[in-house]
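The values are calculated or read from the model by the stated rules, or taken from the named source; none is laboratory data. In this text, all values refer to a predicted model and were calculated from it rather than measured experimentally. Here the Cβ is made from the backbone with ideal geometry for all residues, glycine too, and neighbour counts use every protein chain on show.
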Amino acid sequence: MACFSTSWFSKSLLGAASAALALSVLLSACGGGGDSGGSNGWSVDSSGAVKLQFAAYAGSTPIQCGTAVAGLGSKSSGAQIQDLRFYISNVKLLKADGSSVALTLSATDNNNYQGTDSVSLITLSQTGVGSCTAATALNKLIQGTVPAGQYVGVTMTLGVPFSLNHLNSTDPATPAVLRSDVNPGMSWNWRGGRKFTKVELQSTDTGNPVTLLHLGSTGCVGDPANGVAISSCTAPNRVPLTFSSFNPNTQAIALDVKSLFASADFSVANSCMSSPTDAKCVGPFGVLALNFNSDGTGTGQPISGQTQSAFKAVGL
Amino acid sequence: MGTTTLDAWGARWPGAWLGVSLMAGALCPGQWAFASSERPGHIAPTTTPAVSAASLKRAGAGPADWVWQLPADVAPPRVPADNPMSPAKVELGRFLFYDKRLSGNGTQSCGSCHFQRLAFTDGRAHGLGSTGEAHPRSPMSLANAAFNATYTWANPALITLERQMTNPVFGETPVEMGVNDTNVQQVLQRLQAEPGYPRRFATAFPEDPQGTISWDHVIKAVSAFERSLLSFNSKYDRVKAGKARFSAPEARGLKLFRQAECVKCHQEPNFSNQFLTVATRDVDVSFYNKGLYNLDGRGAYPAASPGLIEITGKAADMGHYRAPTLRNIEVTAPYMHDGSVATLQEAIALYADGGRRITQGHNAGDGRASPLKNALVRSRPLSHQDQADLLAFLKTLTDPQFLRDPRHADPFQSPPPGKRRTP
């Protein structure tokens, strides 16, 4: 079954070592390396507290609602953020010996859920500011605890784990962070799950066409014979994000929209809603290193030997 | 018209029903049961007893006081374990179904696109949302919607009315009811401010005597109301029950309906496919390509609504849709998923021709030659008289009582005359 995150997760850890060199080159090239910890890494004290910060970037420039973003896409266009939210799940800290330790989230609330799987909603846009149309409050942090000790990096998944993704969006028993009454914009009822990302940019070109990525699992179907709402998906579309050398005390994890939409022509609308046959998804899925073919045969699995380049470490 | 009580069947999905018939006490409430040696999807095929309403009536009392009014040969629909039917819930659902406060901008209710007199369609080729956005597809009839294995025109990700409803309420592409991040709580507050509602919620959801108005309860109540929209009182049903007689053209039309294999997809008793009851053993979740379009010689449908392929991504699923019920088909024009067939005569002629050829415009192409077309859709020698008789038969599927049943009507428009009722 392709939908469980564990199957690819172990694979991604194997790939992480080979990707580490390329990643460190990328980080220094982006000028966002900061104190990457070196071989000794960084220590977590007896409180166990760890705070991961997230940010929105366009290239090397931090952006937020209202920022006039320039130099986007194939025609170097201008745009503003309209919506920028994404789910991060199962954060783990990496040790120098290659082992990993799960981060236990500090709270279960409207932005976080800690269970067998954990998930957090990162919100980098706020309604009423600039062109931003959705989300009432920002949430740039994932906070949690790990055993005290030395760590060198962090790994996580962009997306909602299969075990949580297809829970009833209006059931009070469903974690608030995944519910339609709390975060309606992130529910994706048409495909029986959640939008993993809601990244929407409004171009400054004529007509303000929108370029967007709604990433999420596709090919999901229910099993009416057994009353199972969603029993399988053909394309999980979850992205492993691994930063082998990362220090949360000095660095943040940034979504670089310039990189994500590098091939898009912002003078027209570019709507990728993860539809398995949508040619407009080829660009962003490629940047995320997810297997995608616009003839519908994409597997939605991370491409072996490739690393996503939309999320990167930046200095605080 | 026989009746079968829900408590006899259990106010749950067939887990409870099987618990009565097969393995009493062995099941967790609401869970499905199948022997471990069988593959999931096929429920204990050999030991299921023949359905008998009378025997099941004796099986024991359940929690609900709901009575399914169904023909003797139609078993009740499956009802999610966490949303049992009750008259109070159905009545609350009726108010909510017709309450415009349920949309983001307060201009539309479910009933704005589902008119009872049109068997809960709206007469439009494309539904129109609360913010003026047109839907790529035509609103579907809600008659006997309780019995569908999957919902909407072609979406196997939606297997309950509860899950279906979250789409018109929260959907963004297109916007229908337009409930979003900004107004999601405001909509609930509007309902809370209506003095009649808290009491009705408390009665409908006795486990919550405070009468909390939540989206969970709103969606469950409306879904229960939709499950109550039963249409089994057409002339066809009365003929079947020995209470009426077909005219000669109607009788000939039914014969042709079966001979020409229309019935292969539009199966009795609902004249649909994907008909699912508590007694169903093999669940049908098939979708069909009817040769409506062939844009590229390879069977392509217009991008706005390509059918099942939109969900599955499989090339072979291009243009595949559910076969919706033909009950009340006389009043649900225009036809097909995109309303592209204006009349029932045209729809019959299209099938007689084995698909549709469009000679000009951006949808031009010969659907009859589509390689993806279902083999049952093929040219058939049906004379004008044959087609007229088929039409006569299809009109016997109209259920006038259903179309004006006060239990399904807009309570805000009901008597006393001229005075808007409140919950």
Could you tell me how many of the residues in region A:90-112 are within 16 Å of A:Leu52 (Cβ to Cβ) and under 18 Å from the mean Cα position of the chain (by Cα)? 9
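Go through region B:110-128 residue by residue and tally those that are assigned to a loop (DSSP other than H, G, I, E, B), crowded, with 22+ Cβ neighbours inside 10 Å and not aromatic (Phe, Trp, Tyr).
Within region B:110-128, residues that are assigned to a loop (DSSP other than H, G, I, E, B), crowded, with 22+ Cβ neighbours inside 10 Å and not aromatic (Phe, Trp, Tyr) number 4.
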With respect to A:Thr108, determine if the residue is assigned to a loop (DSSP other than H, G, I, E, B), touching a Pro at 6+ places or on another chain (Cβ under 9 Å) and not aliphatic (A, V, I, L, M). yes
Among (1) within 13 Å of chain A (Cβ to nearest Cβ); (2) modelled with pLDDT of 95 or more - the single one B:Val74 does not satisfy: (1)
Checked against (1) touching a residue at least 60 places away in the same chain (Cβ under 8 Å); (2) touching a helix residue (DSSP H, G or I) at 6+ places or on another chain (Cβ under 8 Å); (3) closer than 18 Å to A:Phe54 by Cβ, A:Gln143 satisfies every condition except (2)
Please give the strands (runs of 3 or more DSSP E) falling wholly within region A:151-219 in which 2 or more residues are among the charged types (D, E, K, R). A:197-203
Checklist (1) among the β-branched types (Val, Ile, Thr); (2) part of a helix (DSSP H, G or I); (3) at the interface with chain A (Cβ under 8 Å from one of its Cβ atoms) applied to B:Thr182, failing item: (2)
Among the residues of region A:222-240, which ones are of a type in the set (A, V, I, L, M, F, W, C) and either buried (at least 23 other Cβ atoms within 10 Å of the Cβ) or touching a His at 6+ places or on another chain (Cβ under 7 Å) (or both)? A:Ala225, A:Ala229, A:Ile230, A:Cys233, A:Ala235, A:Val239
Please find, within region A:123-160, the residue that is surrounded by the fewest Cβ atoms within 10 Å (Cβ to Cβ) out of those that are in contact with a Phe, Trp or Tyr (Cβ under 8 Å, 6 or more places away or on another chain) and within 30 Å of B:Ile159 (Cα to Cα). A:Leu158
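Among the residues that make up region B:265-277, is at least one of them closer than 30 Å to B:Phe201 by Cβ and not acidic (Asp, Glu)?
Checked against the condition, which is being closer than 30 Å to B:Phe201 by Cβ and not acidic (Asp, Glu), region B:265-277 yields at least one hit.
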Mind telling me which of the residues B:Phe271, B:Phe287, B:Phe275, B:Phe257 ends up being within 14 Å of another protein chain (Cβ to nearest Cβ) and under 21 Å from B:Arg378 (Cβ atoms)? B:Phe287
Of the residues in region B:326-355, those that are among the β-branched types (Val, Ile, Thr) and either crowded, with 19+ Cβ neighbours inside 10 Å or touching a residue at least 24 places away in the same chain (Cβ under 8 Å) (or both) come to B:Ile329, B:Val331, B:Thr332, B:Val341, B:Ile348
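For region B:90-99, state whether one or more residues are in a loop (DSSP other than H, G, I, E, B), farther than 17 Å from B:Ala224 by Cβ and out of contact with any His (no Cβ under 8 Å at 6 or more places or on another chain).
no
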Does B:Arg238 satisfy the condition of being surrounded by fewer than 18 Cβ atoms within 10 Å (Cβ to Cβ), assigned to a loop (DSSP other than H, G, I, E, B), on the phi < 0 side of the Ramachandran plot and at pLDDT 95 or above? no
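Conditions (1) over 18 Å from B:Ser141 (Cβ atoms); (2) out of contact with any strand residue (DSSP E or B) (no Cβ under 6 Å at 6 or more places or on another chain), marked per residue:
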residue	(1), (2)
B:Gly291	yes, yes
B:Gly299	yes, yes
B:Ile309	yes, yes
B:Glu330	no, yes
B:Ala347	no, no
B:Gly367	yes, yes
Can you work out which of the residues in region A:262-316 that are in contact with a helix residue (DSSP H, G or I) (Cβ under 8 Å, 6 or more places away or on another chain) and on the phi > 0 side of the Ramachandran plot is surrounded by the fewest Cβ atoms within 10 Å (Cβ to Cβ)? A:Gly305
Output the number of residues of region A:252-306 satisfying the condition of being more than 10 Å from chain B (Cβ to nearest Cβ) and of a type in the set (Asp, Glu). 2
Of everything in region A:138-150, what is closer than 15 Å to A:Leu121 by Cβ and assigned to a loop (DSSP other than H, G, I, E, B)? Give them in sequence order. A:Leu138, A:Lys140
When you scan region A:252-287, how many residues do you find that are within 18 Å of A:Phe86 (Cα to Cα), of a type in the set (A, V, I, L, M) and touching a residue at least 40 places away in the same chain (Cβ under 8 Å)? 7
Could you pull out the residue among A:Ser217, A:Ser232 that is within 11 Å of chain B (Cβ to nearest Cβ) and more than 20 Å from the chain's Cα centre (by Cα)? A:Ser232
Using the structure shown, decide if A:Asn249 is more than 14 Å from chain B (Cβ to nearest Cβ), over 14 Å from the mean Cα position of the chain (by Cα), touching a residue at least 40 places away in the same chain (Cβ under 8 Å) and crowded, with 22+ Cβ neighbours inside 10 Å. no
Taking the criterion of being assigned to a helix (DSSP H, G or I) and out of contact with any His (no Cβ under 9 Å at 6 or more places or on another chain), would at least one residue in region B:271-284 satisfy it? no
Hey, can you tell me all the residues within region A:139-178 that are among the aliphatic types (A, V, I, L, M) and over 28 Å from A:Asp45 (Cα atoms)? A:Val160, A:Leu164, A:Leu167, A:Ala173, A:Ala176, A:Val177, A:Leu178
Quick count over region B:294-325, residues being within 12 Å of another protein chain (Cβ to nearest Cβ), crowded, with 22+ Cβ neighbours inside 10 Å, in contact (Cβ under 8 Å) with a residue 24 or more places away in the chain and not charged (D, E, K, R), is 5
Within 16 Å of A:Ala310 (Cβ to Cβ) and either in contact with a Leu (Cβ under 6 Å, 6 or more places away or on another chain) or not acidic (Asp, Glu) (or both): which single residue out of A:Gly130, A:Gly73 fits that description? A:Gly73
In region B:132-179, how many are part of a loop (DSSP other than H, G, I, E, B), within 11 Å of another protein chain (Cβ to nearest Cβ), over 16 Å from B:Gln108 (Cα atoms) and out of contact with any Leu (no Cβ under 7 Å at 6 or more places or on another chain)? 6
